[in-house]
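For reference, the structure discussed in these notes is given below.
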């Protein structure tokens, strides 16, 4: 799990999926309203980093102090600004 103390290390560094494929670079971290724990990270995606997706990080791990690994995969649908998750996803 990513802790509050690790947030500065996560920001502006790569986020990888469970297979090790790079998703993009972390931009913002969002916290659970009830627990206060990190729950989502917005990640710059796309060819030039012009898109942004939300990736769950509640079960993510910080790897080698510069990379974050999320249990999600690139094929799994993530939330994007202006979109709502479908029932049973994310």
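Semi-axes of the equivalent ellipsoid of segment 13-62 are 20, 13, 7 Å, computed as sqrt(5λ) over the eigenvalues of the C-alpha gyration tensor in descending order. Length gained on full extension, residue 50 to residue 22, computed as 0.36 nm times the residue gap minus the Cα-Cα distance: 8.5 nm.
Here the gap between residue 13 and residue 1, fully extended at 0.36 nm per residue and compared with their Cα-Cα distance, gives a gain of 2.7 nm.
Bear in mind these aren't lab numbers, they're just calculated from the coordinates by the rules spelled out. Only a predicted model underlies this, so the values are computations on that prediction, with no experimental measurement involved.
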